[in-house]
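Rule-based calculations on the coordinates, nothing more; no lab input. Treat the numbers as computed from the prediction; the structure is a model and nothing was measured. So basically every Cβ, Gly included, is an ideal-geometry build from the backbone, and we count neighbours across all protein chains shown.
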Amino acid sequence: MATIETIYQGQLRSEATHLQSGTKIVTDAPVDNHGKGESFSPTDMVAAALGSCMLTIMGIAAEARGIDISGTKLSITKIMAADPRRISEIKIEFRFPADYDAKFRRILENAAETCPVAKSLHPDLKQTISFVYAK
């Protein structure tokens, strides 16, 4: 059974529907690639998926240990390359609301680096991940 149904709406815009929940996501081509840039681009979604996946796997690891990481924020920077046009690097900076001990930090950082999206992306796509803990 399909997971997502996507419809091209014209003018470089698509609407994807998550079939289980009915949630919809609209994507637009970016301004630098003939689009309006009025929504996430497909490559923005790849970068967002990487960050969300990492955060989700970290959340699972934290919950299993009874630790709440709510309020953790991340900033994502997507860097494009040409010939061929592609994502060359995704930079993610995690900012945690607490200063965890060294053991829990290792658990969180390993969880991030082993998320399914991170492991699914081509090895040529550089993933630069940094972790900032509150003092």
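Where does helix 102-113 land angle-wise versus the long Cα axis of the chain, in degrees 0 to 90, nearest 10?
So the helix axis and the longest Cα principal axis differ by about 20 degrees.
Could you tell me how many degrees, from 0 to 90 and to the nearest 10, lie between the Cα long axis of helix 42-64 and the main elongation axis, the longest principal axis, of the Cα atoms of the chain?
30
Testing the spin-label approximation: label points 7 Å from Cα along Cα→Cβ at His34 and Val46. State their distance in nm.
If labels sit at His34 and Val46, their model points lie 1.8 nm apart.
So how far apart, in nm, are the two label points at Glu5 and Gln127 if each is 7 Å from Cα heading toward Cβ?
In this crude label model, Glu5 to Gln127 measures out at 3.2 nm.
Give the Debye-formula value of log10 I(q)/I(0) at each listed q (0.14, 0.21, 0.22 Å⁻¹), with one equal scatterer per alpha carbon of the chain, two decimals each.
-0.76, -1.25, -1.30
Could you work out the relative contact order of the chain? I mean the mean sequence separation of Cα pairs under 8 Å and 6+ apart, divided by the number of residues, in percent.
Computed over the chain, the figure is 19 percent.
Give me the one-decimal nm value for the distance between modelled label points at Asp99 and Lys135, 7 Å along each residue's Cα-to-Cβ direction.
0.7
Cα-based count: Lys pairs in the chain below 21 Å, eight or more positions apart or different chains?
Taking the chain as the scope, the lysine pair count is 12.
Helix-derived [θ] at 222 nm for the chain: sum -39500 (n - 2.57) over DSSP H runs of at least 4, divide by residue count, nearest 500?
After summing the helix terms and dividing by residue count, I get -9500 deg cm²/dmol.
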